[in-house]
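Asks: Quick one: the structure is below, and I'll ask about it shortly.
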Amino acid sequence: MLKEADLRGIFVPVATPFSADESLDEASFDRYLRHLLAHDIQGLVINGTTGESPTVSWDEVERLVALAKAVMAAMHRQVPIIVGTGTNDTRTTVRRTELAGRLGADAALVVVPYYSKPPQSGIAEHFRRASETGLPVIAYEVPSRTGVRLQPDTAAAILELNGIIGMKDSSGGIELISAVTTLSGKPVLCGEDADFYAMLRQGASGGMLASANLRTDAFIGMYRQFRAGDTGQARRTFDALLPLIRLMFEESNPAPLKWLLAGQGLIASDTLRSPLQPITVGLQAKLEEALREAY
Ligand SMILES: O=C(O)C1=N[C@H](C(=O)O)C[C@H](O)C1
């Protein structure tokens, strides 16, 4: 199981490949994971935002974890598996976190409860209960998706909990991480791809980045340059990645990512489950141009 000290480096949230009829495409998942696991990543996230968690059933999550474990066994390569278990219902979140533990996950990614706009005390209670399952939990703040913002004091109180090993901050900007890193010693991973360099400067311990599905080695290299103290080179490496990163979030993640993965033949199709839709022709043209520059 993951420990605080393990939350360093590049973690890759994986897409969930679907066939044209929106069923799980297991052959693509196998091929795509083999490609990712050839890189020196610190962990995989299954059923995160990038994995289209709102439309993936728990039975499918179990299948995805089993497939990932089978690929790792076949490759003789083990990396930690983090499973998205957070919902907007505390009881379901606790149950899923327990189930993920039984599946052999190394940690759970638990998002701030969305839609119902709970008070800060309710968010803290949600994480308190999720933290008591025995599976380490990473708290995930992404206010643009949840509709509620985690206040720094609440974040620090959540990080105080024994079962919480760290946080993924997709709040946008450096305000939250600046406050949290002064209030807590636990690791904060960047989850806002375009802010990765700025967040490393502000104390982030790594990134959980959808864009690291592409140019994975460049992200790892940039992180290592930064850790080695070569911030100038890290900045240059990151600046070269930025145009592609920005385009990957111009329409809802993971639509651009899936189009790019399908273009590389890593997954068979860019199918998303409705209501998400494939990217527009306009964004396709911009991505093609960015790819010519980036590779
Ligand atoms: O899947 C995730 O986890 C991520 N979700 C963020 C989002 O799409 O809001 C982006 C981040 O890169 C990874």
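Asks: So, of the residues in region 120-145 that are part of a helix (DSSP H, G or I) and touching a residue at least 40 places away in the same chain (Cβ under 8 Å), which turns out to be nearest to the ligand (Cβ to nearest atom)?
Replies: As a first pass, look at region 120-145 and keep what is part of a helix (DSSP H, G or I): 120-130, 143-145.
Okay, now just the ones that are also touching a residue at least 40 places away in the same chain (Cβ under 8 Å), so 130, 145.
On the way: ALA130: 16, ARG145: 6 Å.
Of everything passing the filter in region 120-145, ARG145 is nearest to the ligand (Cβ to nearest atom).
Asks: Would it be correct to say that ASP106 is within 16 Å of the ligand (Cβ to nearest atom), acidic (Asp, Glu) and touching a residue at least 60 places away in the same chain (Cβ under 8 Å)? Working first, answer last.
Replies: Values: within 16 Å of the ligand (Cβ to nearest atom): yes; acidic (Asp, Glu): yes; touching a residue at least 60 places away in the same chain (Cβ under 8 Å): yes.
It is true that ASP106 is within 16 Å of the ligand (Cβ to nearest atom), acidic (Asp, Glu) and touching a residue at least 60 places away in the same chain (Cβ under 8 Å).
Asks: What about GLU251, is it within 12 Å of the ligand (Cβ to nearest atom) and surrounded by fewer than 19 Cβ atoms within 10 Å (Cβ to Cβ)?
Replies: Against the criterion (within 12 Å of the ligand (Cβ to nearest atom) and surrounded by fewer than 19 Cβ atoms within 10 Å (Cβ to Cβ)), GLU251 qualifies.
Asks: Search region 196-212 for residues being part of a helix (DSSP H, G or I) and buried (at least 24 other Cβ atoms within 10 Å of the Cβ), and hand back the single one that is nearest to the ligand (Cβ to nearest atom).
Replies: ALA210
Each row is one residue, and each column tells you yes or no for (1) within 16 Å of the ligand (Cβ to nearest atom); (2) crowded, with 22+ Cβ neighbours inside 10 Å; (3) within 16 Å of the chain's Cα centre (by Cα); (4) not aromatic (Phe, Trp, Tyr).
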site: LYS3; (1), (2), (3), (4): no, no, no, yes
site: GLY9; (1), (2), (3), (4): yes, no, yes, yes
site: PRO13; (1), (2), (3), (4): yes, yes, yes, yes
site: ASP21; (1), (2), (3), (4): no, no, no, yes
site: GLU26; (1), (2), (3), (4): no, no, no, yes
site: SER57; (1), (2), (3), (4): no, no, no, yes
site: VAL71; (1), (2), (3), (4): no, no, no, yes
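Asks: Shifting gears a bit: Scan region 14-44 residue by residue and report those that are in contact with a Lys or Arg (Cβ under 7 Å, 6 or more places away or on another chain) and assigned to a loop (DSSP other than H, G, I, E, B).
Replies: Correct list: ALA15, GLU22, LEU37, GLN42.
Asks: Where residues in region 95-136 are more than 16 Å from ILE46 (Cβ to Cβ) and acidic (Asp, Glu), which of them is surrounded by the most Cβ atoms within 10 Å (Cβ to Cβ)?
Replies: So the residue we want is GLU98.
Asks: Would you mind stating whether ALA268 is small (Gly, Ala, Ser), touching a residue at least 60 places away in the same chain (Cβ under 8 Å) and more than 24 Å from ARG145 (Cα to Cα)? Give the derivation first.
Replies: Working: small (Gly, Ala, Ser): yes; touching a residue at least 60 places away in the same chain (Cβ under 8 Å): yes; more than 24 Å from ARG145 (Cα to Cα): yes.
Yes: the conditions hold for ALA268.
Asks: Hey, another quick one. Does LEU135 satisfy the criteria of being in contact with a helix residue (DSSP H, G or I) (Cβ under 9 Å, 6 or more places away or on another chain), of a type in the set (A, V, I, L, M, F, W, C) and over 30 Å from MET222 (Cβ atoms)? Give the derivation first.
Replies: On the way: in contact with a helix residue (DSSP H, G or I) (Cβ under 9 Å, 6 or more places away or on another chain): yes; of a type in the set (A, V, I, L, M, F, W, C): yes; over 30 Å from MET222 (Cβ atoms): yes.
It is true that LEU135 is in contact with a helix residue (DSSP H, G or I) (Cβ under 9 Å, 6 or more places away or on another chain), of a type in the set (A, V, I, L, M, F, W, C) and over 30 Å from MET222 (Cβ atoms).
Asks: Could you check region 96-111 and list, in sequence order, the residues that are more than 14 Å from the chain's Cα centre (by Cα) and on the phi < 0 side of the Ramachandran plot?
Replies: Once the filter is applied, which keeps residues that are more than 14 Å from the chain's Cα centre (by Cα) and on the phi < 0 side of the Ramachandran plot, region 96-111 yields ARG96, THR97, GLU98, LEU99, ALA100, GLY101, ARG102, LEU103, ALA105, ASP106.
Asks: How many residues are in contact with a Gly (Cβ under 8 Å, 6 or more places away or on another chain) and over 26 Å from ALA285 (Cβ atoms) when one looks only at region 201-236?
Replies: 6
Coordinate-derived values only; no laboratory data. Keep in mind the model is a prediction, meaning the values are calculated, not measured. Here Cβ is always computed from backbone atoms with ideal geometry, including for glycine, and neighbour counts include all displayed protein chains.
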